[in-house]
Amino acid sequence: MGWLILACVLYLVCALLIIAEVFVPSGGIISIAALACVIAGIVVCFNQGMVIGWIGIIVAIIMIPAVLIFAYKILPKTKFGRHVTLSPPERQQGDAIPDANSLKEMLGTIGTVLSPLRPVGMCDFSGQRLECVAESGYVDKGKKVKVIKIESTQLTVRLIEENA
C-alpha cells in the first residue's frame with residue numbers, strides 16, 4: 001500500500017513539474033524531471049503487479065495531456081501570464097474592418113482588383129481598399145469588378161468583361 005502512495009506522489013510531482021514547465025522557461029530540464037517522475041511512478045506500479053502497472057500507464061496517458069491543457073488554459077488568466085503574453089492589437093473601423101452600414105451603399109459599385117482574387121483578395125473602390133470574394137474562380141490583378149452581393153461585411157464581386 002505504501003508503494004502505491006509513492007506512485008501517486010510521483011504522478012502528482014510529475015503534474016506539478018509539467019505545470020511549472022509551462023510557467024518557467026527551463027530549456028526542458030523540468031520536463032526531463034517530470035518524465036523521470038512518471039517513469040518512476042510506472043515502475044513502482046508494475047512492481048505491485050501487471051494490472052496495476054497497466055493502470056498506471058493509462059493514468060499517465062490521461063494525466064499528461066489533461067495537465068498540459070489545464071496549464072495552458074490557466075496561464076493566460078494569471079497575472080504572470082497576462083504580463084508575458086502579447087495581447088491582440090485593437091483595431092478600429094477603417095483598419096481593414098469595413099463598416100457594415102456603409103457597405104450597403106457599395107452594391108453595384110465598380111472597382112479594381114489590387115491583389116489576385118483566389119477567390120479572396122483586395123479590391124480598390126474609389127480609394128477604399130476592401131477585402132472581396134470573387135463570384136467564381138480566379139480574377140487577375142488590375143481587372144475591373146462589380147459588387148453583386150453583400151453579406152455582413154463580405155463583398156462578393158463579379159468580373160466585368162473587357163469587351164462588354
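The values are calculated or read from the model by the stated rules, or taken from the named source; none is laboratory data. Only a predicted model underlies this, so the values are computations on that prediction, with no experimental measurement involved. As a convention, Cβ positions derive from the backbone with ideal geometry for all residues, glycine included, and neighbour counts pool all protein chains shown. Only protein heavy atoms, including side chains, enter the accessible area calculation; ligands, DNA and RNA are left aside. Shrake-Rupley method; radii C 1.70, N 1.55, O 1.52, S 1.80 Å.
Taking residue 58 as the residue in question, decide whether it is more than 15 Å from residue 10 (Cβ to Cβ), of a type in the set (A, V, I, L, M) and assigned to a helix (DSSP H, G or I).
Values: more than 15 Å from residue 10 (Cβ to Cβ): yes; of a type in the set (A, V, I, L, M): yes; assigned to a helix (DSSP H, G or I): yes.
Yes, satisfied.
Under 30 Å from residue 131 (Cβ atoms), of a type outside the set (Val, Ile, Thr) and either in contact (Cβ under 8 Å) with a residue 40 or more places away in the chain or not in a helix (DSSP H, G or I) (or both), is that true of residue 86? Step through it out loud before you land on a result.
On the way: under 30 Å from residue 131 (Cβ atoms): yes; of a type outside the set (Val, Ile, Thr): yes; either in contact (Cβ under 8 Å) with a residue 40 or more places away in the chain or not in a helix (DSSP H, G or I) (or both): yes.
The answer is yes for residue 86.
Could you count how many residues in the range 122-139 are free of Cβ contacts under 8 Å to residues at least 24 places away in the same chain and on the phi < 0 side of the Ramachandran plot?
Result for the range 122-139: 6.
I need every pair where a residue in the range 140-164 that is in a loop (DSSP other than H, G, I, E, B) has its Cβ under 9 Å from the Cβ of a residue that is among the hydroxyl-bearing types (Ser, Thr, Tyr) and at pLDDT 90 or above, sequence separation at least 6 or different chains.
141/112; 141/115; 142/112; 143/112
Can you report the number of residues in the range 27-71 which are open to solvent by less than 30 Å² (accessible area, probe 1.4 Å) and either more than 28 Å from the chain's Cα centre (by Cα) or over 16 Å from residue 16 (Cα atoms) (or both)?
Qualifying residue count, the range 27-71: 8.
From the list 4, 75, which one is of a type in the set (A, V, I, L, M) and in contact with a Phe, Trp or Tyr (Cβ under 7 Å, 6 or more places away or on another chain)? I'd like the intermediate steps shown before the answer.
Values: 4 fails: in contact with a Phe, Trp or Tyr (Cβ under 7 Å, 6 or more places away or on another chain).
From the options 4, 75, the qualifying one is 75.
Exactly one condition in (1) touching an Asp or Glu at 6+ places or on another chain (Cβ under 9 Å); (2) modelled with pLDDT under 90 is not met by residue 114; state its number.
Only one criterion in (1) touching an Asp or Glu at 6+ places or on another chain (Cβ under 9 Å); (2) modelled with pLDDT under 90 is unmet by residue 114, namely (2).
Check whether at least one residue in the range 93-108 is part of a helix (DSSP H, G or I), within 26 Å of residue 139 (Cβ to Cβ), at pLDDT 75 or above and open to solvent by less than 100 Å² (accessible area, probe 1.4 Å), and report yes or no. So that I can check it myself, show each step before the final result.
Restricting attention to the range 93-108, the residues satisfying the condition of being part of a helix (DSSP H, G or I) are 100-106.
Add one more test, that the residue is within 26 Å of residue 139 (Cβ to Cβ), and what stays is 100, 102-106.
Now drop any that are not at pLDDT 75 or above, which leaves 103-106.
Now narrow it down to the ones that are open to solvent by less than 100 Å² (accessible area, probe 1.4 Å): 103, 106.
Yes, the range 93-108 has at least one match.
Check residue 154 against each of (1) open to solvent by 80 Å² or more (accessible area, probe 1.4 Å); (2) closer than 15 Å to residue 102 by Cα; (3) modelled with pLDDT of 90 or more and name the one condition it does not meet.
(3)
Whether any residue in the range 6-24 is open to solvent by less than 40 Å² (accessible area, probe 1.4 Å), of a type outside the set (Gly, Ala, Ser), touching a Cys at 6+ places or on another chain (Cβ under 9 Å) and at pLDDT below 90 is what I want to check.
no
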